[in-house]
Amino acid sequence: MRVSVTLLQYEHGIIRQVIDVLGEMVKHNSMKKHQGQMKHIVKFLDEYLDRYHHGKEEKLLFPMAAKRSKELVPEIAKLVSEHTEARASIAKMKTMITTDSAYADGSLAAVSKQLVDSMIRHIRHEEDVVYPKTEEALSLDDDLKLIKKYEVFNAPFGPDFARLGEEFGVKLQDDVLGPGFFSGIN
């Protein structure tokens with residue numbers, strides 16, 4: 001186990017909670033009903049998913065993993081490309097959430113569904129393939145260095161940023177889907 005990887009896996013749980021709620025909103029055609037939450041979801045996706053989580057991966061974890069394992073280089077390149085695609089979808093969503101027609105014509109739902117589906121696949125691939133190989137490649141010293149770099153990286157976001165992201169996911173789920181919607185899932 002490498003703590004530097006485990007921390008990112010924990011973030012995946014928070015990200016999945018938010019994108020799973022977004023996926024349910026698309027599935028049940030309730031995005032317009034929850035237009036106020038959509039603004040918060042897009043802000044979360046931009047700040048927490050992209051700048052915070054993907055930022056740590058791209059600037060810290062992936063470069064070190066690529067140095068330690070040449071086998072990971074093509075995998076990492078694919079993941080970074082998927083980050084870029086997610087960033088483009090989030091940018092589209094930022095514009096679309098302010099336009100009633102994007103709710104009415106389904107274009108916001110289509111972009112949201114594409115992002116949800118791609119991020120679910122992306123996270124599964126990281127969890128099942130890339131992170132295990134990364135953990136094998138990183139030494140304990142590498143792990144400690146990454147943890148210290150994470151602390152520096154996290155500082156501009158503020159001391160409560162991670163906790164607030166987690167609280168947002170729980171509140172969003174309860175507000176949109178009702179308390180306990182996902183309870184009992186194993």
Within region 160-178, which residues are closer than 15 Å to Tyr48 by Cβ and aliphatic (A, V, I, L, M)? Ala162, Leu164, Val170, Leu172
What are the pairs with Cβ atoms under 6 angstrom where one residue, in region 129-148, is assigned to a helix (DSSP H, G or I) and the other, located anywhere, is surrounded by 15 or more Cβ atoms within 10 Å (Cβ to Cβ) and at pLDDT below 95? Sequence gap at least six, or different chains. none
Hits in region 45-67 - residues which are more than 11 Å from the chain's Cα centre (by Cα) and among the aromatic types (Phe, Trp, Tyr): Phe62
For Leu49, indicate whether it is under 17 Å from Glu127 (Cα atoms), of a type in the set (A, V, I, L, M), touching a residue at least 40 places away in the same chain (Cβ under 8 Å) and surrounded by 14 or more Cβ atoms within 10 Å (Cβ to Cβ). yes
If I filter region 117-139 down to residues being among the hydroxyl-bearing types (Ser, Thr, Tyr) and more than 12 Å from the chain's Cα centre (by Cα), which single residue comes out as nearest to His54 (Cα to Cα)? Tyr131
Residue set Leu172, Leu164; condition part of a helix (DSSP H, G or I) and either without any contact (Cβ under 8 Å) to a residue 12 or more places away in the chain or touching a Ser or Thr at 6+ places or on another chain (Cβ under 6 Å) (or both); output residue Leu164
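The values are calculated or read from the model by the stated rules, or taken from the named source; none is laboratory data. Keep in mind that this is a model prediction, so the values were computed, not measured. Counting neighbours? That spans all protein chains shown, and the Cβs are built from the backbone with ideal geometry, glycine included.
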